[in-house]
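So the structure is just underneath, and the comments pick up after that.
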Amino acid sequence: MHLFSRRNFLRLSTSGLLLPKSALADADERKFVFIFCQGGWDQCYFAAPLFDSSLVDMEGNVQLGTANDIPFVDSSYRPSVRDFFETYGNRTCLINGFESRSVAHDICLRLVSTGKSLSNSDDWPSIIAAHATSNPIMPFVSISGPTYTSRYDSTVVRVGSSGQLSKLLSGSTLNELGVTPPPADIEALEDRWMSDLLEQRRSQVFRGRAMEIMEKAVTADERRERLEELQSELSISASTNLKENLNLCVDLLQFGSSRSIMIGYQGYQDLGWDTHAANHLQGIHLENLFSDLNDFLYELKNTTTISGSSLLDNTTVVLLSEMGRFPQVNSRGGKEHWTFTSAIFIGSGIRGGQSIGLYNDYCFGEPVDLQTGHPSSQGTALLPGHIGATLLKLADIDSQEYISEPPIEAAIL
């Protein structure tokens, strides 16, 4: 058995690596990448081509675009958006007009992430990660962006924008905290004492929480060693640059180390999506987002897993924002908060080449038949819970355990 020091225990418990048995993710198990555009993107800049409505202020120099049967807002200033729908539209489902039913960022973030406004709820990535069949070494990697956990907090490994995870693994964080490690001979005695203690405990009969803690302590050291080995192959460190974070995401998926990954994107030069003024920034943000997204999808398509399949064939990519923008421009050239917004599903398990949901002339979302995806006056008003239930079903999880809304069946192959 590996020697397990008190120092390593501190590092691992701080980083969230005290998890069940160590293993790489099942190569054939569907993985999920979430890209969250926090602040509220403008649905009328890409998903809602409402050119015929006098109640909606559409930007100038745009037109209706259609690719792979998906209508979108086309602009010569955003060629990457067009390239995306032309290249990956056949594997993309655009979900339009779901409502977060709040205009407060903190409430909307929680609603879109968990389907609930309660603080004791887990978000979609952590639930998916907790149901990984082989207990991957880092079930849910939060590179950046919103994360909400309660029951499944132990699934989350936060990389940190300044290399916090790497520092925890190396032990340099203890030095930054002013903790002076003991001399090598003393630390060796501590390690041997801890090792002997764990061996004694394993030979005894424990139940409940005591057994759980002891087993986690043993397997955590194995995870630490695996992560240190992984660091020799790639740098597990986040960046403020979306492209670099997406490249890290490809590496994590290729190594099979995670099932869920969250990346937050604050837009061009981190100027943010909450455009109460200068709404034209939405177009710049979207061009940068889709440019990096196209490169990311290309890498997924052309990178194989350890079983030899394409990463894109077993990865579902999800783009979300917690709210949309009001359909009319204000006096500062911006747009206020709007409860209706869109989401984008790409890749594994997705019935592509379609747009589900519809905005009416007021930019309200219309009811949808969940089985066909067609607008229907007898249909269902889409909510964040429908988004989450769809993702959980894609992950082979019974969504009714977590959310009352059913999945959007039309979005699933």
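The values are calculated or read from the model by the stated rules, or taken from the named source; none is laboratory data. Predicted model only: the values in this text are computed from it and were never measured. No Cβ is skipped: glycine too gets one built from the backbone with ideal geometry, and neighbour counts run over all protein chains shown. All accessible areas refer to the heavy atoms of the entire protein, side chains included, with ligands and DNA or RNA removed. Shrake-Rupley method; radii C 1.70, N 1.55, O 1.52, S 1.80 Å.
Numbers for the structure displayed
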{"item": "11 Å cut-off, amide nitrogen to a point 7 angstrom out along Lys301 Cα→Cβ, residues in region 382-413", "result": "none"}
{"item": "Under 18 Å from Lys31, Cα to Cα: aspartates and glutamates that are on another chain or at least 8 residues apart", "result": "Asp122, Asp123, Asp251, Glu299, Asp313, Asp396, Asp398"}
{"item": "Solvent-accessible heavy-atom area per residue, rounded to whole Å², over region 334-413 at 1.4 Å", "result": "37"}
{"item": "Overall form of region 372-413 per C-alpha gyration tensor (a/c, 1.5; a/b vs b/c)", "result": "oblate"}
{"item": "For Ser376, distant residues with modelled amide H under 5 Å away", "result": "Val368, Asp369"}
{"item": "In order through region 316-333: 3J(HN,Hα) via Karplus (6.51 cos²θ - 1.76 cosθ + 1.60), integer Hz, x for Gly, Pro", "result": "9, 9, 10, 10, 9, 9, 6, 7, x, 10, 3, x, 10, 6, 8, 5, 9, x"}
{"item": "When each of Lys301/Lys393; Lys243/Lys301; Lys116/Lys243 is checked by Cα-Cα distance, pairs over 21 Å", "result": "Lys301/Lys393; Lys116/Lys243"}
{"item": "Lys31 accessible area, 1.4 Å probe, all protein chains in place, Å² to nearest 10", "result": "10"}
{"item": "Ser113 - accessible surface, heavy atoms, 1.4 Å probe, Å² rounded to 10", "result": "10"}
{"item": "³J(HN,Hα), Karplus 6.51/-1.76/1.60, whole Hz, each residue of region 403-412, x for Gly, Pro", "result": "8, 7, 5, x, x, 8, 4, 5, 7, 10"}
{"item": "Alpha carbon centroid spacing (whole Å) that separates region 313-333 from region 352-406", "result": "17"}
{"item": "Förster radius 45 Å - calculated FRET efficiency between Leu197 and His105 (Cβ-Cβ, nearest 0.05)", "result": "0.40"}
{"item": "Asp185-Ser80 pseudo-label distance in nm [points 7 Å out on the Cα-to-Cβ vector]", "result": "5.9"}
{"item": "Three-way shape call for region 274-410 based on the alpha-carbon gyration tensor, with the a/c threshold at 1.5", "result": "oblate"}
{"item": "Distance between modelled label sites at Ser235 and Glu59, nm, 7 Å Cα→Cβ extension", "result": "3.3"}
{"item": "Heavy-atom accessible area ranking, 1.4 Å probe, most first, across Met138, Met194", "result": "Met194, Met138"}
{"item": "Cβ-Cβ FRET estimate between Asp69 and Ala381, R0 fixed at 35 Å, reported to 0.05", "result": "0.90"}
{"item": "Integer Hz, Karplus 6.51/-1.76/1.60 couplings in order for region 238-253, x for Gly and Pro", "result": "7, 9, 8, 9, 4, 4, 5, 5, 5, 5, 4, 4, 4, 4, 4, 5"}
{"item": "FRET efficiency estimate (nearest 0.05) - Cβ-Cβ, Ser117 to His280, R0 22 angstrom", "result": "0.10"}
